[in-house]
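Peer 1: The structure under discussion is supplied below as structure tokens; questions concerning it will follow.
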There are 6 protein chains.
Amino acid sequence: MIGQSGIAVRNITRADPTSVSALAQFGVATIHEAMGRVGLLAPYLRPIYPGARLAGTAVTIFAHPGDNWMLHVAAEMLRPGDVAVLGTSSDNADGMFGDLLATSFRARGGLGLVIDAACRDVAELREMGFPVWSKRVNAKGTVKATLGSVNTPIICAGALVHPGDVVVADDDGVVVVPKARAAEVAAAAARREAKEAGTRRRLASGELGLDVYGMRDTLSKAGLRYLEDEAALAALDAEAQS
Amino acid sequence: MIGQSGIAVRNITRADPTSVSALAQFGVATIHEAMGRVGLLAPYLRPIYPGARLAGTAVTIFAHPGDNWMLHVAAEMLRPGDVAVLGTSSDNADGMFGDLLATSFRARGGLGLVIDAACRDVAELREMGFPVWSKRVNAKGTVKATLGSVNTPIICAGALVHPGDVVVADDDGVVVVPKARAAEVAAAAARREAKEAGTRRRLASGELGLDVYGMRDTLSKAGLRYLEDEAALAALDAEAQS
Amino acid sequence: MIGQSGIAVRNITRADPTSVSALAQFGVATIHEAMGRVGLLAPYLRPIYPGARLAGTAVTIFAHPGDNWMLHVAAEMLRPGDVAVLGTSSDNADGMFGDLLATSFRARGGLGLVIDAACRDVAELREMGFPVWSKRVNAKGTVKATLGSVNTPIICAGALVHPGDVVVADDDGVVVVPKARAAEVAAAAARREAKEAGTRRRLASGELGLDVYGMRDTLSKAGLRYLEDEAALAALDAEAQS
Amino acid sequence: MIGQSGIAVRNITRADPTSVSALAQFGVATIHEAMGRVGLLAPYLRPIYPGARLAGTAVTIFAHPGDNWMLHVAAEMLRPGDVAVLGTSSDNADGMFGDLLATSFRARGGLGLVIDAACRDVAELREMGFPVWSKRVNAKGTVKATLGSVNTPIICAGALVHPGDVVVADDDGVVVVPKARAAEVAAAAARREAKEAGTRRRLASGELGLDVYGMRDTLSKAGLRYLEDEAALAALDAEAQS
Amino acid sequence: MIGQSGIAVRNITRADPTSVSALAQFGVATIHEAMGRVGLLAPYLRPIYPGARLAGTAVTIFAHPGDNWMLHVAAEMLRPGDVAVLGTSSDNADGMFGDLLATSFRARGGLGLVIDAACRDVAELREMGFPVWSKRVNAKGTVKATLGSVNTPIICAGALVHPGDVVVADDDGVVVVPKARAAEVAAAAARREAKEAGTRRRLASGELGLDVYGMRDTLSKAGLRYLEDEAALAALDAEAQS
Amino acid sequence: MIGQSGIAVRNITRADPTSVSALAQFGVATIHEAMGRVGLLAPYLRPIYPGARLAGTAVTIFAHPGDNWMLHVAAEMLRPGDVAVLGTSSDNADGMFGDLLATSFRARGGLGLVIDAACRDVAELREMGFPVWSKRVNAKGTVKATLGSVNTPIICAGALVHPGDVVVADDDGVVVVPKARAAEVAAAAARREAKEAGTRRRLASGELGLDVYGMRDTLSKAGLRYLEDEAALAALDAEAQS
């Protein structure tokens, strides 16, 4: 059940590594489009430094406001290639994660963190090259008093994440791909990117999207009215008021 | 009329290029002050990378939430030196603009984008050096289903923008100068900057703004009371309560 | 009294320089923890460029929305090693501070600014290396019409700051250490950092926080239940519903 | 020019009273739709008590943050049937308006206030039945130090308002109708309301909007796929992943 | 899959009516506690009038920003005792729902609406007694151009909702109970309420929660230190700094 | 020290009852003005029902996010005429307080609560007539795991509150009067109200604030320019651009 506390699942089924590698080639926007425009986490999650980027399998964490205990429980579950993803039981922006936990996560093979709360020690994390997407930077410390869960399904920043799902994150945000769909989405992303390469060339040469995408007709059917100049617009306005 | 849909004006009167070049020499804060402290767009519009900077003439776009169709219509209207400026019919933060549109805009001579919504592909845009001021970064894609307008007057981030107005944007935000006032404002900005250079030298030498700006008298008339130390302040507090 | 207007105190007792130097060695998160998890200003205060960092003694400023007059009064009070800290009488995000004031502050020995309002000329400030923590960047200019105070106790971003207190700021935010506690906190921070160095080494070697901090027992007492795999979790869910 | 300070215009052209009376019959949502879905002020403007409602001609006020001086200048310009509409030079939520100003406005024939800032004395205003739409309730007092303007065009909550325009406000928000369009919009609103009455009867009888509005065909063309039950949905999902 | 578009499921399994009736006896806070402190939708969803209250089975709607087409599709799916619950593909606060749709929903037996967007015609809805929980009131109209879905799983205000789940809403917010857990949760809520009745009597008689809940011991073990008066506190502070 | 945890002070010095009774006669806005425009808590604190109103002496509570343990400790400290005032160690909007605690507080003589977090059971509290000012309504429950403090100085919603200070709250918000200033402020509020009564009569008779407050001269000196009509304004604009 979403949001239950007191459970830690040791072994999870992860998306297959080939699909993760394949998805790692694409940006978040491309993957989101390839999935049919779904899977994004809320855009208030931002990387703590520009250029941050990762693709891995989710170890999920459910935590309570102002309490980072479960991050320590999660460290034990991390396998190389994993990304920790933390959702909370209510809105919170305390600094649950810093360079010590990052050191531990990295030692376990963890690639980074997506946290629907805040992060601190960002100068050190930037130097370590340990990427974090958080809703805020905040030095505020947390307690270790209340149980959440590890590796149960969670809601993180408005998206449902299951343990083992693929998480891709870059400067544009974070997207989650359900593990069962990873191969399919990677293939769709590849097709989309191939197609966009051609489009990009045409647009770069000065061709218009109106023509590349064949929009002139639909625009016209929708009733778009081209006016020659601002005088024509003024005339139209005057007419409407008479 | 502000906010009407279904119109695209092909030819607009742009601010004269000399004034645009003149305004390009100044920062947003200086121009805003030179205009009499008006013309700023709301400060939630931020550049997608530090150091972004542009000055150009506005091609205006009116769009609906989650719909970027009009950006394609606008591409055709862009002339070298133009800046696309997009306002929406209601609050929206979807990723209406990315690297493909930027490629198209650049091929048409467009200098950049000011958008009261979100932008994506920011890593690519940073690499291209294509500057965008937006309210958010968001990978969320949009549809092409509902007509807005191009080159009609719009409200963007709380400011009125007419097609052809001068738009200047930098790390401090975005300012719009009505085309009829461009020359006048450029001259006022130059005067202000010249005056500030002298002030800067005096302040750098340790002279106080109190003296440079002659504020001591007005402060005194307004009733500012200098106390020698914190003991004097404590005495004053005690007196007030007795 | 907090928030009184019309007072400027010339001479204040500052934290002793040795303690300030000692505190300057530590990050904001460490100092906040060393104080017993207090002293942070609200995390909406952000540095205007990454890597900004300072430690100094507070010259406090109380100002009204849209009015930066008191910043000029404060310039006279700055001594080498001071940090200006500005609180307002109500929520405001106008650009009260820019490169001219920074030039003046620097000439007086000021190290930087913490402002519960906005700042402008950020490109110039970045180039000068003059650090500012503000709630927003905003080119919006301000008036000089209404008296506030200088060197009276203020609330800045939700924290109480007395003149002469130590202010430390970095990428993680801003912390204030009451002057009477400066030495004690510096010592506690040093102890904490020494202890963390050992912890970091252990974590880097792959040891788990669960063991380093001895958490297994308390987790177990709190009722954490380890499940072998997702099938066990599904079984548990099914059981709950029967 | 939008946002200029230091001007007070004594006599303005107001929308004709017949059109104002006609518009007063309709709700904000209806008028907004009748105008072609434009003219709304941002929805953060809320009435200070439920059931508040007004329709009148705008006396516009441009004010600076934390300064309510211009409200006193505006009082003199109010004629019976007017509504004061206040925009600010930057984001502000101080309590610029209370029961004394309401007493004065009412004595001049003013019907109410729309303010892109805050209001206080709301218990008294509720008792007086003096309606105000504001962005917040706030007891915070303001100064009278800096000139704004009265009866110049303003931006209020993201909408352009000219002196004399019609302002209609109710529980749904605030809409402004340009005076030149008042008659036309009132007529369109009447047509819309008449049409909606018929629709309402049909819907109340259990007929579906799908049929009343004839949507089945367009939905089908757009590709809507009806599934009999959740099992069919599960089958579809499984198919997508294979 | 969460967030897929273009699907409408006609027949769904609803929570059994007995459990819905049982849950209808309890407040949102009680149910949330009885579930183990889960199931709440984000608290930004507020009733459009005080005292609004409902309990029913969810017909889910997935819609795109600024587009209310799917609400019409959903009307056909409503059965007596249903509650429409709408999630969006991205943050939106347009007025997707008003009195005409409410008339239609009511005619179909719909009890109310929970919408992660805005609602309009709130005066009429209040008069009809048709309850809506929304993130905002907004007169802004929407288009009917892009397909979403009806009766697929959705995320609404940060919570996962399946078609047929029980939705209870009151002045405190909105909670969703998975249909498979409805009976179990109703029973737990009844137990909780019975227990609270006793507690309430004891507290009303002046007994302290410290004793009723037996907290004195745990507080003491956690280290709570009782001081006789403020002088003792001052002494403690002085000691800390020496 | 602000924000220390683990302390509960049993006996505090309260403002004298006569001053509290005197202050109870005035509204929050009046008291805030009488204090010299200080003392307000941030306006995001809102009453949970309209018309709520109280004046009493503060029992202060410092709590951690998502943890309401200290409210139970505070119950024991409440004396008739007290108001509980809760600040938190970081931003939090969980439902820390509901009808059981209200029952307990009332039994102890507590008049109400001011909480920089959320409250639940608002329908019951409204029925009980137990007033609460909170930042949000939220059914989200909290834990009892981490010590805060009772009756130490706190920051609540940006204001410094000492135990025993006078708290007055109404529809306009919340103001705190330091106990040492209570008598002085009550007297000043009485003078202000007496003066306002006369002003109100004059304004009600149609006299203008411009004359009542003698503003014409200062406005003129500040440079306010009266124009006869909009034509004069247009002429002025044209001149500026030439």
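Peer 1: Once R0 is set to 25 Å, what does the formula 1/(1 + (r/R0)^6) return for the Cβ-Cβ distance between residue C:229 and residue A:2, expressed as a FRET efficiency to the nearest 0.05? Mind showing how you got there, number by number?
Peer 2: Working: r = 19 Å, r/R0 = 0.75.
Efficiency, rounded to the nearest 0.05: 0.85.
Peer 1: In the range B:14-34, what residues drop by 20 Å² or more of accessible area when the other protein chains are put back, versus the chain on its own? Use 1.4 Å, and skip ligands and nucleic acids.
Peer 2: Those residues are B:29, B:32, B:33.
Peer 1: Moving on to the next point. Got the residue F:212 label distances to the other copies yet, label 7 Å along Cα→Cβ, in nm, shortest first?
Peer 2: Copy-to-copy label distances at residue F:212, shortest first: 4.4, 4.9, 4.9, 6.5, 6.7 nm.
Peer 1: Whenever you get a sec, line up C:191, A:53 from highest to lowest accessible area (probe 1.4 Å, protein heavy atoms). All intermediate terms of the calculation are to be shown ahead of the outcome.
Peer 2: On the way: C:191 155, A:53 105 Å².
Highest to lowest solvent-accessible surface, that is C:191, A:53.
Peer 1: Hey, another quick one. Chains C and F: how much accessible area gets covered up at their contact, both sides added, probe 1.4 Å, in Å² to the nearest hundred?
Peer 2: On the way: alone 12310 and 12320 Å², together 23830 Å².
The buried area between C and F, both sides summed, comes to about 800 Å².
Peer 1: Just to verify a number: what accessible area does residue B:213 come out at with the full protein assembly present, 1.4 Å probe, Å² rounded to tens?
Peer 2: Rounded to the nearest 10, the figure is 100 Å².
Peer 1: Greater than 24 Å separation of Cα atoms is the criterion. Which listed pairs, C:144/D:135; B:140/F:140; C:135/D:135, meet it?
Peer 2: Numbers: C:144/D:135 26 Å; B:140/F:140 30 Å; C:135/D:135 20 Å.
Table pairs above 24 Å Cα-Cα are C:144/D:135; B:140/F:140.
Peer 1: Can you compute the radius of gyration and Dmax for the range C:1-78, using only the Cα atoms, both in Å?
Peer 2: 15.0, 37
Peer 1: With the Cα gyration tensor of the protein assembly as shown in hand, give its eigenvalues times 5 under a square root as the equivalent ellipsoid semi-axes, listed largest first in whole angstrom. Please list the in-between numbers first.
Peer 2: On the way: eigenvalues 357, 356, 238 Å².
They are 42, 42, 35 Å, listed largest first.
Peer 1: Let me ask something else. With the label 7 angstrom out along Cα to Cβ, how close does residue B:228 come to the same site in each of the other copies, in nm, nearest first?
Peer 2: Nearest first, the other copies' label points are 4.1, 6.2, 8.2, 8.2, 9.6 nm away.
Peer 1: Something else: For the rotation bringing D onto A, which D residue has its Cβ nearest the axis, and at how many Å?
Peer 2: Per the D/A rotation axis, the closest residue of D reads D:221, 6.
Peer 1: Right, another one. Could you check what % of the DSSP bridge pairs in the range D:60-173 are antiparallel, to the nearest 5? Intermediate values should be presented prior to the final figure.
Peer 2: On the way: 6 of 22 bridges.
Around 25 percent of the beta bridges assigned by DSSP in the range D:60-173 are antiparallel ones.
Peer 1: For the range C:1-106, with all protein chains present and a 1.4 Å probe, just round the carbon and sulfur fraction of the accessible area to a whole percent.
Peer 2: On the way: 1500 of 2800 Å².
With neighbouring chains kept in place, the figure for the range C:1-106 is 54 percent.
Peer 1: Which one, A:159, A:97, A:143, projects farthest toward the positive side of the charge dipole computed for the range A:63-208 from Cβ point charges (K/R +1, D/E -1)?
Peer 2: Positive-end residue among those listed: A:159.
Peer 1: Ignoring ligands, DNA and RNA, how do C:5, C:19 rank by accessible area with a 1.4 Å probe, largest first? Mind dumping the intermediate values first?
Peer 2: Details: C:5 55, C:19 10 Å².
Descending accessible area places them as C:5, C:19.
Peer 1: What does the charge dipole of chain D about its Cα centre add up to, to the nearest 20 debye, if the Cβ of each Lys and Arg holds +1 and the Cβ of each Asp and Glu holds -1?
Peer 2: 880 debye
Peer 1: I would also like to ask the following. Percent of alpha carbon pairs in the range D:13-52 separated by more than 17 Å? Before the final figure, lay out each step's value.
Peer 2: On the way: 366 of 780 pairs.
Counting every Cα pair in the range D:13-52, those more than 17 Å apart make up 47 percent.
Peer 1: Please report the antiparallel percentage of DSSP beta bridges with both residues in the protein assembly as shown, rounded to the nearest 5. The partial results should precede the final answer.
Peer 2: Working: 102 of 248 bridges.
Beta bridges within the protein assembly as shown, antiparallel portion: roughly 40 percent.
Peer 1: Let me ask something additional. Can you work out the accessible area per residue across the range F:1-147, with the rest of the protein chains kept in place, probe 1.4 Å, in square angstrom? Walk me through the numbers before you get to the answer.
Peer 2: Details: 3960 Å² over 147 residues.
Computed with neighbouring chains in place, this is 27 Å² per residue.
Peer 1: Counting each pair of different Cα atoms once, what's the Kirkwood radius of the range C:161-242 in Å, rounded to one decimal?
Peer 2: On the way: mean 1/r = 0.0575 Å⁻¹.
Taking the inverse mean of 1/r over all distinct Cα pairs, the range C:161-242 comes out at 17.4 Å.
Peer 1: Tell me the carbon and sulfur percent of the accessible area for the range E:126-215, rounded to whole percent, probe radius 1.4 Å.
Peer 2: Working: 1550 of 2930 Å².
The value for the range E:126-215 is 53 percent carbon and sulfur by accessible area.
Peer 1: Checking the a/c ratio against 1.5 first, then a/b against b/c, what shape does the Cα gyration tensor give for the range B:1-142?
Peer 2: Details: a/c = 1.34, a/b = 1.21, b/c = 1.11.
Judged from the Cα gyration tensor, the range B:1-142 comes out rounded (a/c under 1.5).
Peer 1: In nanometres, what is the gap between the two model label sites at residue E:221 and residue A:218, each 7 Å from Cα along Cα-to-Cβ?
Peer 2: For residue E:221 paired with residue A:218, the spin-label model returns 6.5 nm.
Peer 1: In addition: Placing +1 on the Cβ of each Lys and Arg and -1 on the Cβ of each Asp and Glu in the range E:160-242, which of E:188, E:238, E:214 has its Cα farthest towards the positive end of the resulting dipole?
Peer 2: With unit charges placed on the Cβ atoms, the residue in question is E:188.
Peer 1: As a test of the definition: which semi-axes, in Å, follow for chain B when you take the square root of five times each eigenvalue of its alpha carbon gyration tensor? Largest first, please. Please report the intermediate quantities before stating the final value.
Peer 2: Details: eigenvalues 353, 97, 56 Å².
Over the Cα atoms of chain B, the semi-axes work out to 42, 22, 17 Å.
Peer 1: What does the accessible area per residue of the range F:163-208 come to in Å², with a 1.4 Å probe and no ligands, DNA or RNA counted? Walk me through the numbers on the way to the answer.
Peer 2: Details: 1700 Å² over 46 residues.
Spelled out: the 1.4 Å probe surface of the range F:163-208, per residue, equals 37 Å².
Peer 1: Next up: Output ³J(HN,Hα) for the range C:4-18: one whole-Hz value per residue in order, computed from phi by the Karplus curve 6.51 cos²θ - 1.76 cosθ + 1.60 with θ = phi - 60°, and x for Gly and Pro.
Peer 2: Those phi angles translate into 7, 10, x, 10, 10, 9, 6, 10, 10, 7, 9, 3, 6, x, 5 Hz.
Peer 1: Also: With the label 7 angstrom out along Cα to Cβ, how close does residue F:195 come to the same site in each of the other copies, in nm, nearest first?
Peer 2: Shortest to longest, the spacings are 3.6, 5.6, 5.8, 5.8, 7.2 nm.
Peer 1: Still on this structure: If ligands, DNA and RNA are left out, what is the accessible area of residue F:230 with a 1.4 Å probe, given in Å² to the nearest 10?
Peer 2: Residue F:230 exposes around 50 Å² with every protein chain in place.
Peer 1: So in the range C:1-140, what percent of DSSP beta bridges are antiparallel if you round to the nearest 5?
Peer 2: Working: 2 of 20 bridges.
Restricted to the range C:1-140, the bridges split so that about 10 percent are antiparallel.
Peer 1: Follow-up question, since we're still on this one. When the scattering of the range A:71-185 is computed by the Debye formula from its Cα atoms alone, each counted once and equally, what is log10 I(q)/I(0) at q = 0.09, 0.15, 0.18, 0.24 Å⁻¹?
Peer 2: -0.22, -0.63, -0.94, -1.73
Peer 1: Give the accessible area for residue C:225 in Å² (nearest 10); use a 1.4 Å probe, count only protein heavy atoms, and leave out ligands, DNA and RNA.
Peer 2: 120 Å²
The values are calculated or read from the model by the stated rules, or taken from the named source; none is laboratory data. Every value quoted in this text rests on a predicted model; they were computed, and no experiment measured them. Backbone-built Cβ (ideal geometry, glycine too); neighbour counts: all protein chains shown. The accessibility values were calculated without ligands, DNA or RNA, using every heavy atom of the protein model including side chains. Shrake-Rupley method; radii C 1.70, N 1.55, O 1.52, S 1.80 Å.
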